[in-house]
Structure formats: C-alpha cells, structure tokens
Amino acid sequence: MADLRERVEAEFENIAKVTAELAAVSSCHALSTLERAGVGALLQSFYNGIENVLKQLLLSRRAQLPDGPSWHRDLVNAATELHLISGGLARKLGRYLAFRHFLSHGYSVELEAGRLEPLVRDAGEVFGQFQSETSRGLSTS
C-alpha cells in the first residue's frame, strides 16, 4: 500500500500549498474581482484535492466510484459510509462542494467576499481534520 500512501501524501502536499495561499488572504472584502476569482480557483483546487484523496481511498477498498450527475456528493457520502471521514467533516466539506458547484456553473465575477470569507477562513482547520481522519484510513489499507 506504499503506492497509495505516496499518492495520498502527494495530494496532501498540494492541498497544504493551496491552504497556505488561502491563509495569506487577510480579508476577501479588500480583494479586486480578479483577486476574488483567484481565491475562488484556489478554493476549487482545495476541494479537488479532497476529492482526489477520497477517490484513491475508495479505490483502495475496491469500492466503486460513483458516477452520474450527483457523483461529487455521492463520493463524500460513500467515504462517510465506509468511515473514512466523519459525518461532521462531511457536512463541512458540503460547503466546499456547494462552492465548487457554484464556481463551475457560474461566473467568477459574481463571487462575493461574504461567500468566500468563511471558506477561506476555515480551509486550514477543515484540511487538518480531513488529513487526520483519512490518515487513519491509510493505516488500515
């Protein structure tokens, strides 16, 4: 399983880089439209990394990856059902999933500072919890 651990650790490193960039944002209210779009891209990368880890862990358990229009939500639900992440963490991730959906289907010029601020503020804590919970799953793979 070293290969799985290496892949997940590589994702963790990338998520940590994104989280560090987000931590450098002092206030989304002071950002220009272009800067808010950049923060939105970082938040989307943050969530994409989370999904990449969950996919790796599900595949390592020979679980079928969800597909269809709700696969993003179903991925988190499957990880929760397999006890890879807690229900509490799944709810926190739901905020980032909703944002990912908004950004993918909307216009980045519509990003409001008030919508970005809590996601940026909480990304480090959410990542820490995610890393802790999924690392336990790595030791049982």
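The values are calculated or read from the model by the stated rules, or taken from the named source; none is laboratory data. Not measured: the values here are computed from a predicted model. Note that we place each Cβ from the backbone using ideal geometry, even for glycine, and neighbour counts take in every protein chain shown.
Only a single criterion out of (1) in contact (Cβ under 8 Å) with a residue 40 or more places away in the chain; (2) assigned to a helix (DSSP H, G or I); (3) not acidic (Asp, Glu) is not satisfied by residue 136, namely (1).
Residues that are hydroxyl-bearing (Ser, Thr, Tyr) and surrounded by 12 or more Cβ atoms within 10 Å (Cβ to Cβ) were ranked within region 89-131; the one that is farthest from residue 33 (Cα to Cα) is 96. Taken together, 63, 79 contain a single residue that is of a type outside the set (Phe, Trp, Tyr), closer than 22 Å to residue 3 by Cα, modelled with pLDDT under 95 and out of contact with any Ser or Thr (no Cβ under 7 Å at 6 or more places or on another chain), which is 63.
Summed over region 61-77, residues that are in contact (Cβ under 8 Å) with a residue 24 or more places away in the chain and under 21 Å from residue 136 (Cβ atoms) total 2. How many residues are under 17 Å from residue 12 (Cα atoms) and either free of Cβ contacts under 8 Å to residues at least 60 places away in the same chain or not in a helix (DSSP H, G or I) (or both) if we restrict to region 80-130? Residues that pass the stated criteria total 10.
Taken as a whole, region 17-25 holds at least one residue that is small (Gly, Ala, Ser), touching a residue at least 60 places away in the same chain (Cβ under 8 Å) and touching a helix residue (DSSP H, G or I) at 6+ places or on another chain (Cβ under 7 Å). Sort through 58, 22 and tell me the only one that's hydrophobic (A, V, I, L, M, F, W, C), out of contact with any Ser or Thr (no Cβ under 8 Å at 6 or more places or on another chain) and farther than 25 Å from residue 121 by Cβ. When all the criteria are applied, what remains is 58.
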